[in-house]
Amino acid sequence: MKQETIDMVLKFRDDRNWKQFHNPKDLAVSISLEAAELLEVFQWSAEDLFCEGKKDKIKEELADVINYCILMADACGLDLDEIVSEKVKRNSEKYPVELAFGSKAKYTELK
Ligand SMILES: [Mg+2]
C-alpha cells in the first residue's frame, strides 16, 4: 500500500484526536461492521452477482473497510504490505497451483 495513502488516513485520524478511541478491539468491530455494510449492498439481490449499478456504494463501503484496516495495522504496529505478502505466501503453500487451479475446494479437500 502506498505510504501516502496510509499517511492520509492517519492524518485524518490525528487531526481529530481520535487515536485515543482506536483500540484494537473497537477497530476489529469497526472492520466487521463496515464489511457488513459492504455485504448489505447485495442484500436481496438474488442472482445479481455484478457490480453494475452499485459501484458508488461498493466504493464507499470498501474504502471504509480499508481505512479501518489501515488504522488497525497502525494500532498493532503491523506493516500492511508485509502481512499481506506473508499471507499470500502461506496461501500459495496451502493452495498449490497444480492442485488448486480452477478449483473452489478448501485446501484440506485438494487432491
Ligand atoms: Mg460504511
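Can you work out the base-10 log of I(q)/I(0) for the chain at q = 0.11 1/Å, using the Debye formula on its C-alpha atoms alone? Once normalised to I(0) and log-transformed, intensities are -0.53.
Helical runs assigned H by DSSP (4 residues or longer) give the chain a calculated mean residue ellipticity at 222 nm of -20500 deg cm²/dmol, each run adding -39500 (n - 2.57) before division by the residue total.
For Leu110, the amide hydrogen comes within under 5 Å of no other amide hydrogen, counting only partners 5 or more places away or on other chains and with H modelled in the peptide plane.
Each principal axis of region 1-66 carries a Cα extent, and these read 42, 26, 19 Å when sorted largest first.
Return a whole-number percent for the relative contact order of the chain, with Cα pairs under 8 Å and 6 or more residues apart as the contact set.
Numbers: 55 pairs, mean separation 32.1, N = 111.
Once divided by the residue count of the chain, the mean separation gives 29 percent.
Karplus-derived 3J(HN,Hα) values for region 25-32, using 6.51 cos²θ - 1.76 cosθ + 1.60 with θ = phi - 60°, are 5, 5, 5, 5, 4, 5, 4, 5 Hz; glycine and proline are entered as x.
Suppose every K and R has +1 on its Cβ and every D and E has -1 on its Cβ; what is the size of the dipole of the chain about the Cα centre, in Debye to the nearest 20?
The dipole of the chain has a size of about 320 debye.
Using the structure shown, select from Lys19/Lys59; Lys2/Lys54; Lys59/Lys111; Lys25/Lys89 the pairs with a Cα to Cα distance greater than 29 angstrom. Where the Cα-Cα span goes over 29 Å, the pairs concerned are Lys59/Lys111. Here the 3J(HN,Hα) profile of region 99-107, calculated from phi with Karplus coefficients 6.51, -1.76 and 1.60 at θ = phi - 60°, is 9, 9, 4, x, 10, 9, 5, 5, 4 Hz, Gly and Pro shown as x. Placing unit charges on each Cβ (+1 for Lys and Arg, -1 for Asp and Glu) gives the chain a dipole about its Cα centre, and among Phe101, Val9, Ala63 the Cα reaching farthest toward its positive end belongs to Phe101.
Read-outs: derived from the displayed coordinates by stated rules, not from any lab. None of these values were measured; they are calculated from a predicted model. Every residue, glycine as well, gets a Cβ built from its backbone with ideal geometry; the counts of neighbours run over all protein chains shown.
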